[in-house]
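Below is one structure; the comments refer to it alone.
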Amino acid sequence: MRLEVYKNYDEVSLRAANIIASQVIVNPKSVLGLATGSSPIGTYNILVQRCQAGQLDFSQVRSVNLDEYKGLGIESDQSYVWFMHHHLFDKINIKAENIHLPNGKAQDFHEEAKNYDALIDSLGGTDIQLLGIGHNGHIGFNEPSEEFIAPTHVVDLQESTIEANKRFFTSIDEVPKQAITMGMHGIMTSKKILLIATGKAKADAVRKTLNGSVTPKVPASILQLHRDVTILVDQELADNL
Ligand code: GLP
């Protein structure tokens, strides 16, 4: 795993955007694995600017997102599908039919999960997977557990995750208790993984990801088994490693 340290969030975002932009330029039909949360917003803003300036073309790009809250859809501005449209998709020239997220309002989540993995495999996996990280080391919504879970699956969110994500909701009671997330198969079959994390509160999770044992109790530690992982952090996080 490669660790790169940048001065601040903006510089981390610039580096992440440059890597993703290069991927799209080299292969205009790239399959991008995308993430939500506050970490990638700066990256998405830069990609939007470049697309609107005519420097980047997403017309053939396919996207696959990591996760969605169970029960939320695009009508809810806390859903991840809304987030992705608001921060990226509606501002770039990606085609609607090339956008994929797990459906938080599926009738049958078993079927939804199976179909989502089939879709990822039919695309040949993602060319690059962008990840944030939770304070407890979760990636996507793969929470700490007794074993790594390979397929897309429904997960009970941990109290600490609900607590961390309540800032996007008017009250903690509104935060869904479950989500559907890409599992470790979808993440680890990506050709390249790019994890972004900033601020000292994420230092513990990043340290365990880099140097701890590979254990499902720290889901991101599985990234040690992938051959092309770049972790981008800011100086504040690096100072606390
Ligand atoms: C959520 C998402 C993750 C994200 C994490 C960290 O739980 N499911 O994909 O990485 O939050 O979010 P943030 O970047 O806002 O700290």
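The values are calculated or read from the model by the stated rules, or taken from the named source; none is laboratory data. All values reported here derive from a predicted model rather than from experimental measurement. Every residue, glycine among them, receives a Cβ derived from its backbone with ideal geometry; neighbour counts consider all protein chains shown. Quick note on the areas: whole protein, heavy atoms, side chains included, nothing else; ligands and nucleic acids left out. Shrake-Rupley method; radii C 1.70, N 1.55, O 1.52, S 1.80 Å.
Just the residues that are under 18 Å from ASN8 (Cα atoms), crowded, with 16+ Cβ neighbours inside 10 Å and polar (S, T, N, Q), please, taken from region 186-241.
Across region 186-241, the qualifying residues are THR198, THR230.
Only helices (runs of 4 or more DSSP H) wholly contained in region 126-241 count here; list those with 3 or more residues that are modelled with pLDDT under 95.
Correct list: 159-165.
So, in region 1-37, exactly how many residues are within 16 Å of the ligand (Cβ to nearest atom), in a loop (DSSP other than H, G, I, E, B) and either open to solvent by less than 50 Å² (accessible area, probe 1.4 Å) or in contact with a His (Cβ under 9 Å, 6 or more places away or on another chain) (or both)?
3
Please give the number of the condition HIS153 fails out of (1) open to solvent by less than 40 Å² (accessible area, probe 1.4 Å); (2) within 12 Å of the ligand (Cβ to nearest atom); (3) in contact (Cβ under 8 Å) with a residue 12 or more places away in the chain.
Of the numbered conditions (1) open to solvent by less than 40 Å² (accessible area, probe 1.4 Å); (2) within 12 Å of the ligand (Cβ to nearest atom); (3) in contact (Cβ under 8 Å) with a residue 12 or more places away in the chain, the odd one out for HIS153 is (2).
Return yes or no: is ILE120 within 13 Å of the ligand (Cβ to nearest atom) and open to solvent by less than 10 Å² (accessible area, probe 1.4 Å)?
no
Specify the residue that is nearest to ALA150 (Cα to Cα); the eligible residues are those in region 48-81 that are open to solvent by 60 Å² or more (accessible area, probe 1.4 Å) and in contact (Cβ under 8 Å) with a residue 60 or more places away in the chain.
The extreme case among them is LYS70.
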